[in-house]
Structure formats: structure tokens, C-alpha cells
Amino acid sequence: MGVRANALADRIEQGARNLASFAEGMSDAEWRTAVRPDGRTAGVIVHHVASMYPVEVDLARTLASGKPVAGLTWGNVAEINAKHAREHAGASKREAIDLLLKNGRAAADGVRAFTDGELDTAAPCSLNADAPVTAQFFVEDHALRHSWHHLAKIRASLKR
């Protein structure tokens, strides 16, 4: 296991734990609160972060292998998010938190398997205007940042 991959993985797990801990303390009303700017509920967003970990790590693996991430747009992401919100509107707090911690651990384990060379490999990424981004950048910008990003939005919406 590489030092960098392990550090990235530790931060993914930290973010998942932080979001899970905050979610544990939410009331039922807070769980159902719409979060700005897109209006998904806090509970749906927690479940969303959990659900995206496998996809984010798979896309990083694609880049690590030197292959481009092609054809995936932010419009596609918005559609995926809207579909997820419809399908998981009733996700329970326990279900979402358990999935968040499980998939956060699995994502971290997947990232720990990256070599330094794989983390340094760059390929075009359609989400970044086909800029050649490294697998490490993708891990940091997606699997690692995702829980922190949404926790900040949930906190702002709940004003705490």
C-alpha cells in the first residue's frame, strides 16, 4: 500500500464518518429538509453520497489505467442525481448511514489499492472539459470531496 493512496483513503473514510455522525444527530424533520440549491432532502443527499462512492472509484480506476472518461457530462450527472432522488426519497436514516459507512470503507479500500504510478496517470476526462486529469485528482475531487461538499450544504440549509 502506498503512502499517498493510504492518506487519500483515510480522508475518504474521515469524510464518510463526519457525514454519518452529523446525519445521526439529525431530527426526522431535518432529515426531510430540502437542501439548497437543488432541493433534494438531507436524507436523499446522504444516501446519494453513499451510492456514488463505487462509481467515483471506478471512474478513477479508468483514468489510472490510462483510459479516458468519455461521454459523461454534468447534464448526465444531474439526471442521475434526479433519478436517484426519486428512487430513494423514502430512504431511512439507518439505511443511508449504514450504506454511507459501508461504501465509504469500500471506496477507501479501492483507493488503497492504487499505486503511485496509477495515481499519477492522467487521461482526458469529459467532466473536466476533456482535460487530462490524474487519477489522484479525480479521487480528491470526487470520492474524497463529495461527503465534505454535501455536509457543508446540509449544514448551511439547517443553519448549524
note = With +1 at each Lys and Arg Cβ and -1 at each Asp and Glu Cβ, the charge dipole magnitude of the chain around its Cα centre, to the nearest 20 debye, comes out at 560 debye
key: Charge dipole (debye, nearest 20) of the range 28-78; +1 at Cβ of Lys and Arg, -1 at Cβ of Asp and Glu   = 140 debye
query = How long is the gain from Ser27 to Trp74 if the chain were fully straight, where each residue apart is worth 0.36 nm and the alpha carbon distance is subtracted?
reply = 13.7 nm
ask   = Tell me, what HN-Hα J-couplings in whole Hz come from the Karplus equation 6.51 cos²θ - 1.76 cosθ + 1.60 at θ = phi - 60° for each residue of the range 64-76, using x for Gly and Pro?
value = 4, 7, x, 8, x, 8, 10, x, 8, 10, 5, x, 4
task = Report the relative contact order of the chain, percent, no decimals, based on alpha-carbon pairs under 8 angstrom and at least 6 residues apart.
result = 40 percent
task = Taking the Cα centre of the range 77-156 as origin, sum charge times position over the Cβ atoms of Lys and Arg (+1) and Asp and Glu (-1), and report the length of that vector in debye to the nearest 20.
result = 600 debye
task = Among the aspartates and glutamates, select those whose C-alpha is under 14 Å from the C-alpha of Lys93, and discard any that sit fewer than 8 residues away in the same chain.
result = Glu24, Asp28, Glu30
Sorted by Cβ density within 10 Å, fewest first, the residues Met26, Met52 = Met26, Met52
key: Reciprocal mean inverse distance between Cα atoms of the chain - Kirkwood radius, Å   = 15.9 Å
message = Placing +1 on the Cβ of each Lys and Arg and -1 on the Cβ of each Asp and Glu in the chain, which of Asn103, Pro68, Cys125 has its Cα farthest towards the positive end of the resulting dipole?
response = Asn103
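Readers should treat all values here as calculations from the given coordinates under stated rules, not as data from a laboratory. Here the structure is a predicted model, which means the values were calculated and not measured. FYI the Cβ positions are ideal-geometry reconstructions off the backbone, even for glycines, and counts take in every protein chain you see.
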